[in-house]
1. Would you work out the relative contact order for the range 370-421, in percent, from Cα pairs under 8 angstrom that are 6 or more residues apart?
2. Taking the inverse of the average 1/r across all pairs of different Cα atoms in the chain, what Kirkwood radius in Å do you get?
3. By how many nm would the segment from residue 59 to residue 227 lengthen if fully extended, with 0.36 nm per residue of separation less the alpha-carbon distance?
4. Lys and Arg at +1, Asp and Glu at -1: add these up for the other residues within a Cβ distance under 10 Å of residue 191 and post the number.
5. Let's test the formula: R0 of 25 Å, r as the Cβ-Cβ distance of residue 113 and residue 168. What FRET efficiency results, to the nearest 0.05?
6. Which net charge results for the neighbourhood of residue 86, defined as the other residues with beta-carbon distances under 9 angstrom from its beta-carbon, given Lys and Arg at +1 and Asp and Glu at -1?
7. Taking Rh as the Kirkwood radius computed over C-alpha pairs, what is the Stokes-Einstein D of the range 419-495 at 10 °C in a medium of viscosity 1.306 mPa s, expressed in µm² per second?
8. Rg to Rh for the range 1-109: what is it, with Cα atoms only and Rh by Kirkwood?
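The numbers here are math on the coordinates, done by the rules we state, and not lab data. Owing to the predicted nature of the structure, the values given are computational and were not obtained by experimental measurement. A quick note on method: Cβ atoms are made from the backbone with ideal geometry, for glycine too, and the neighbour counts reach across all protein chains shown.
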Amino acid sequence: MKFFPKIGNDEEKWKESALSQIQLKIDALRAKGRKLRDIAILVRTNTEGAIVAEDLISKGYKVISGESLFLKSSQSVSTIVSLLRYYNKPDDSINNTIAEFEGITLESNPKIARLPLYEMCEELAGMLGEGVRTSESVYILSFLDLVLDFVKNKRADISSFLDWWDEKGFKASVAAPEGQDAVRIMTIHKSKGLGIKSVIIPFLTCSFKKSSGDIMWCKPTTEPFNTMPLVPVKYSSELAKTIFAPEYEAEYTRNIIDNLNIAYVAFTRAREELIIFAEEYSGKTVSSVSNLLFEKFASLLNEENTFVLGELTPEIEEETQFTGEIQIPAFRSADAGERLRLSLKSGDFFEKEKSARTKGIIIHDILSRIYSIDDIVPSVKEAVAAGELSEAEENEVAATLARLIGSVSDRYWFEGKNGVYNELEIIEPGGMVSRPDRVLIGEECVVIDFKTGILRPKSHVHQIESYTALLKKMGYTSVKGYIWYLDENEIMEVI
């Protein structure tokens, strides 16, 4: 624990001296075998974290911090968002000025302007320089994931996305990789529950003085003010001299307790080494945790204003699951029109070598939507729209199905939806699911299974028998099963 003297009247100046000492402590820890990933630097605010991160990065240390992982901190993401704003409102003077200041070229491309939101962002990312796409590929990919989630759940237009980004999206960050060999920088609040080998607290203060200007809601007890149930007053030490002195004292006490708790959390994160930097106590009113520590350890400090308990011991090399860093390749983008092609099943429908299975799947799909003869044409058209059939095959397949269904009109299998269940899922004990093609529930229960291709009586019979047995277990006493071979229009009854 090292204390730094106050420099002039600037209460923050001592932090510059503390900042310069962080590197020395990290090097000392590494010399004893500690890995960078074993070291964490705890700060009170993200602003302090950003200062430490910037200093360490400039000195060549690998760092993981909440601030550095924010997408908004990425040059590539900032450029994409700025370009989106330009496409949304080309005359936005604020955005245009910021873009000019940051060296972002704003140009409109008619082809990009017509693209949907996600494809537009991907295209803009692909236009970034090679160096940016290589060094910031993880930020680009994380941003595109964010855009994709937005498109799935909300209105997929630029204006709505930018509104959401300004309100919530800018807070998004890249997920910190587990096991990366880098110094972690985090707030004390986020360190709760963690156990870290070596902890450095570079700017310990934990002041008991609450910021002036915060609003307190007080209940006056002195006339005539007690006619008001609650009064908003600004928090200030001056309240100690007013009728609100009890409320001020209570709030001040709560603030002391809160800061003692924060210090406790910070001090108990370390498993092996705890290094603290703080300001010297001037000997006046104790107003922070650092003041308490200085008062407690003043007589034990050496000539460098440092208190040392214990010593750094060499690290015993342990087997670890750490497998090293994975280099993420540069972001690449390809035209969606060139990488996506529609796969149609209709080409295999009438080819002898491929048709059996394909034809069976398509016919089953069409029949699953047919409840009466009136459903034939709409169901076939849906198959054409899905690419399962070509338009040239539409009339032939519709005519074939009309002929087949017409041939069983006396059996009343296609009389409408009443009591008819296509592709009915029956959950068996144990969780297995059976799915007969068509079940008709009435005075007599009928199970129909459609078959295409060659006749395989044994396996087909066993299948329909299992369906009828399941329905009997469900309480249907009169159940008949039928196998309908569509190619030959042959119906086999299974009782």
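1. With pairs under 8 Å counted, the relative contact order is 53 percent.
2. Roughly 30.8 Å, rounded to one decimal.
3. Between residue 59 and residue 227, full extension yields an extra 54.3 nm.
4. That works out to +4.
5. Between residue 113 and residue 168 the formula returns 0.45.
6. Surrounding charge for residue 86 is 0.
7. Estimated diffusion coefficient is 125 µm²/s.
8. 1.14
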